[in-house]
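Here's the structure we're looking at; comments come further down.
Rule-based calculations on the coordinates, nothing more; no lab input. In this text the structure is predicted, and so the values were computed from the model without any measurement. Neighbour counts run over all protein chains shown; Cβ positions are idealised from the backbone, glycine included.
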Amino acid sequence: MPSHAHLSEILDTVSTVLLTVECQQGVVGPDSALPELALAARQSGALSNVARLVAAAHESGVQVIHALAERRPDGRGANHNARLFRAAERLPVQQLSGTAAVRVAPPIEVAEEDLVVRRLHGLSPIQGTEVDALLRNLGCRTLLVTGVSANVAIPNAVFDAVNRGYTVVVPSDAIAGCPRVHPAMIRNTLALVATVATTDEVLGCLKRPRRAGRG
């Protein structure tokens, strides 16, 4: 685990942004298209920890970006080039634009100053979306990555962010996957490119005076 001094240094509230990945009702909510993933996110405490981090970010003035995945009813522009995409097309709950499925799921609260980025294609919340440009305009240096799934979107986000020059922090108890997040994956993959911490460790660094407006 990182030292408090190191974590405090990289989690400067002025240059840190919190990214929540696919924490939407159709993915982690009670009526999820992926009930096993939703159950894992809730039973592991990951969803509650994301909500705690978002609340602390609001309190300390850290910018929050919610990255959501959705599709048009006609599927136009969506990927069809992998088994995952083809399987998603057959699910009983679809992540359709404008529906409840693509709203941020409780207990996470969305504040007026939060940014919401919606993508219609791909697996990453960063590649091919507005997120990178927003991060640069916000003066982001450190990206906190949370959400689901630890099997696909989270590693995509981490590698994309690192490749773009950001320092990445992953609260390991604020991500979830199905099957459950394996410690070996965190140790041998995410920890090689990101600082892995716990939610409580991150919260200890975010409890600082709220800064002036940004962006």
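Annotation: amide H-H contacts under 5 Å for Ala105 (H modelled 1.01 Å from N, sequence separation of 5 or more, or interchain): Gln24, Gln25. Highest mean packing first, where packing is the average number of other Cβ atoms within 10 Å per residue, the peptides 177-184, 77-84 line up as 177-184, 77-84. Placing a label point 7 Å from the Cα of Phe85 along the Cα-to-Cβ direction, the residues of the range 108-127 whose backbone N falls under 13 Å of that point are 120-124.
With Cα atoms defining each centre, the range 39-76 and the range 175-200 are spaced 17 Å apart in the structure. For the chain, the relative contact order comes to 30 percent (Cα pairs under 8 Å, sequence separation of at least 6). With N counted as the residues of the chain, its alpha-carbon radius of gyration over 2.2 N^0.38 Å works out to 0.95.
Can you show me the helix-derived [θ] at 222 nm for the chain, built from DSSP H runs with n ≥ 4 at -39,500 (n - 2.57) apiece and divided by the number of residues, rounded to the nearest 500.
Working: 8 runs with 68 residues, N = 215.
Helix contribution divided over all residues of the chain: -8500 deg cm²/dmol.
Projecting the Cα atoms of Gly98, Thr167, Leu115 onto the charge dipole of the range 38-174, computed from C-beta unit charges around the Cα centre, puts Gly98 farthest toward the positive end.
Would you pull out the residues with amide H under 5 Å of Ala197's amide H, same chain only if 5 or more places away, H placed 1.01 Å from N? Answer set, sorted by chain and number: Val170, Ser172.
Ranked by the mean number of other Cβ atoms within 10 Å per residue, highest first, peptides 57-69, 130-142 order as 57-69, 130-142. Summarising the amide proton neighbourhood of Ala33: residues at separation of 5 or more, or on other chains, whose placed amide H is nearer than 5 Å comprise Val27. Working note: Karplus 6.51/-1.76/1.60 with θ = phi - 60° gives the range 94-107 the couplings 9, 8, 7, 3, x, 9, 4, 4, 10, 9, 4, 7, x, x Hz, where Gly and Pro are set to x.
Ordering Gln43, Pro30, Ala82 by the projection of their Cα atoms onto the charge dipole of the range 1-136, which places +1 on the Cβ of Lys and Arg and -1 on the Cβ of Asp and Glu, puts Ala82 at the extreme positive end.
If the chain linking Glu109 and Asp74 were pulled fully straight, counting 0.36 nm for each residue of separation and taking away their Cα-Cα distance, it would gain 9.6 nm.
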